[in-house]
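The block underneath contains the structure these notes are about, expressed in structure tokens.
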Amino acid sequence: MTRLTRADLDALPAYVPGRNVADLARELGIAEAIKLASNEVPYGPLPGVVEAVTEAAREMHRYPDMGVLRLRDALAERFGVAADRVVTGCGSVALAETLVKATCLPGDEVMFSWRSFEAYPIIAAGAGAASVRVPNTAAHGHDLTAMAAAITDRTRLIFVCNPNNPTGTALRRPELDRFLAAVPSDVLVVLDEAYRELVTDPTVPDGLETYGDRANIVVLRTMSKAWGLAGMRMGYLVAQPEVAATVRKVVTPFSTSLVAQAAALAALAQEQEVVRRCALVTAERERVTEALRKLSIDIPDSQANFVWLPLGDRTAAFTAACESRGVIVRGFHPDGVRVTIGTPEENDTFLAAAEAALAA
Ligand SMILES: Cc1ncc(COP(=O)(O)O)c(C=O)c1O
């Protein structure tokens, strides 16, 4: 057969979305399955967002504002930065892709810790860039010393995922300070802070406040998690104006949709509710962590809305055993399982499934 696509993409693993709850419930013959696999916050859209989206939808025959002016202004005001430093996109994953497109030519290197966000190698390969994966420490966090040592003159972009997906581990200020000081000024460092709102440890720096003014730092955030807009697709970044302007040139035109812009604006007005929900999630995170440790699983401390079970070769069996009890979790073979924190009831169902799975 004639080859129509790039041969180097054949070996690339596909992004694995969380399994569909309705399918699993049907398969098991139960009323409801639970999905704790995609790091969503479980409390539904924020107040006023559905109404704002419904209103905006009346204009769906028109293109959205390509400059995303109102939303960029609102984000700029919230963070105390100039609006020309803000870029929005169809989820932060799309912006991660755009950042690689804006920095890398084929053969250049994109570095990240591994395991980390599973989209990074896919994004690098899409741009024809080489992925440099630096193994996590034994404590499941970024090995910043090894990452600094792995920088070459081909390195163009480094993702630092803080807190790290899927392990939940977080980097503290002194180690980040040291690492950033070691990165050459012509290498872009993307601080991917998708879970920033869930961080409770005051020693974990806010990347924007602490490092946001540096020329080679980009802070990447999303409204998919704490802000309840995963299905709307709205992510944003804050960079220096020159970097932001270049990113804006290559971002897919109109990719922050009309309804996503309206949803994000309405959500930003609900900060107190976001804080309240995050507190519920982080309290549950601590409870679930404790309960799993009692089951003798060596859970690293998480600063996100999920926990990491480093089950090694038990990963597949554990994931399947949870699914057979109606709980969808996310297995990363052969390293471990990531479980999103749900409502207290969902977490109880998961903990019962986990206990049974480990006993089996
Ligand atoms: C670390 C990290 N970055 C980025 C994303 C992408 O989020 P979104 O594209 O929904 O904004 C995710 C989603 O799981 C993530 O875990």
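The values are calculated or read from the model by the stated rules, or taken from the named source; none is laboratory data. Values in this document were obtained by computation on a predicted structure and should not be read as measured data. In this analysis, Cβ positions are derived from the backbone assuming ideal geometry, glycine residues included, and neighbour counts consider all displayed protein chains. When the accessible area is computed, the model is the full protein with side chains, heavy atoms only, and any ligands, DNA or RNA have been set aside. Shrake-Rupley method; radii C 1.70, N 1.55, O 1.52, S 1.80 Å.
With respect to the stated conditions, A215 is modelled with pLDDT of 95 or more, open to solvent by 40 Å² or more (accessible area, probe 1.4 Å) and more than 16 Å from the ligand (Cβ to nearest atom). Only residues that are among the charged types (D, E, K, R) and within 15 Å of the ligand (Cβ to nearest atom) were counted across the stretch 153-208, and they come to 4.
Has the stretch 29-52 got any residue that is basic (K, R) and farther than 17 Å from A321 by Cβ? Full working, then the answer.
To start, the set of residues in the stretch 29-52 that are basic (K, R) comprises 35.
Subset that is farther than 17 Å from A321 by Cβ: none.
No - not one qualifying residue is present in the stretch 29-52.
Considering every residue within the stretch 223-230, establish whether at least one is among the polar types (S, T, N, Q), within 11 Å of the ligand (Cβ to nearest atom) and either more than 23 Å from E273 (Cβ to Cβ) or touching a residue at least 40 places away in the same chain (Cβ under 8 Å) (or both). Yes, the stretch 223-230 has at least one match.
Let's see how each residue does on (1) closer than 23 Å to Y120 by Cβ; (2) open to solvent by less than 30 Å² (accessible area, probe 1.4 Å):
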{"residue": "G48", "(1), (2)": "no, no"}
{"residue": "T54", "(1), (2)": "no, no"}
{"residue": "D65", "(1), (2)": "no, no"}
{"residue": "L69", "(1), (2)": "no, no"}
{"residue": "E77", "(1), (2)": "no, no"}
{"residue": "A82", "(1), (2)": "no, no"}
{"residue": "A96", "(1), (2)": "yes, yes"}
{"residue": "L99", "(1), (2)": "yes, yes"}
{"residue": "L105", "(1), (2)": "yes, no"}
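Within the stretch 344-358, residues that are under 19 Å from V281 (Cα atoms) have Cβ atoms under 6 Å from residues that are open to solvent by 20 Å² or more (accessible area, probe 1.4 Å) and not in a helix (DSSP H, G or I) in these pairs: E346/I34; T349/I34, counting only partners at least 6 apart in sequence or on another chain.
Taken over the stretch 299-352, the criterion of being assigned to a helix (DSSP H, G or I), open to solvent by less than 10 Å² (accessible area, probe 1.4 Å) and under 17 Å from V21 (Cβ atoms) is satisfied by C322, N347, F350. In this structure, is Q261 within 16 Å of the ligand (Cβ to nearest atom), under 19 Å from R78 (Cα atoms) and either open to solvent by 10 Å² or more (accessible area, probe 1.4 Å) or under 20 Å from the mean Cα position of the chain (by Cα) (or both)? So Q261 passes the test.
Residues that are touching a strand residue (DSSP E or B) at 6+ places or on another chain (Cβ under 8 Å) and under 24 Å from F318 (Cβ atoms) number at least 1 in the following helices (runs of 4 or more DSSP H) confined to the stretch 1-108: 21-28. Among the residues making up the stretch 172-191, those that are open to solvent by 10 Å² or more (accessible area, probe 1.4 Å) and either assigned to a helix (DSSP H, G or I) or over 16 Å from R156 (Cα atoms) (or both) are R172, R173, P174, E175, D177, R178, L180, A181, A182.
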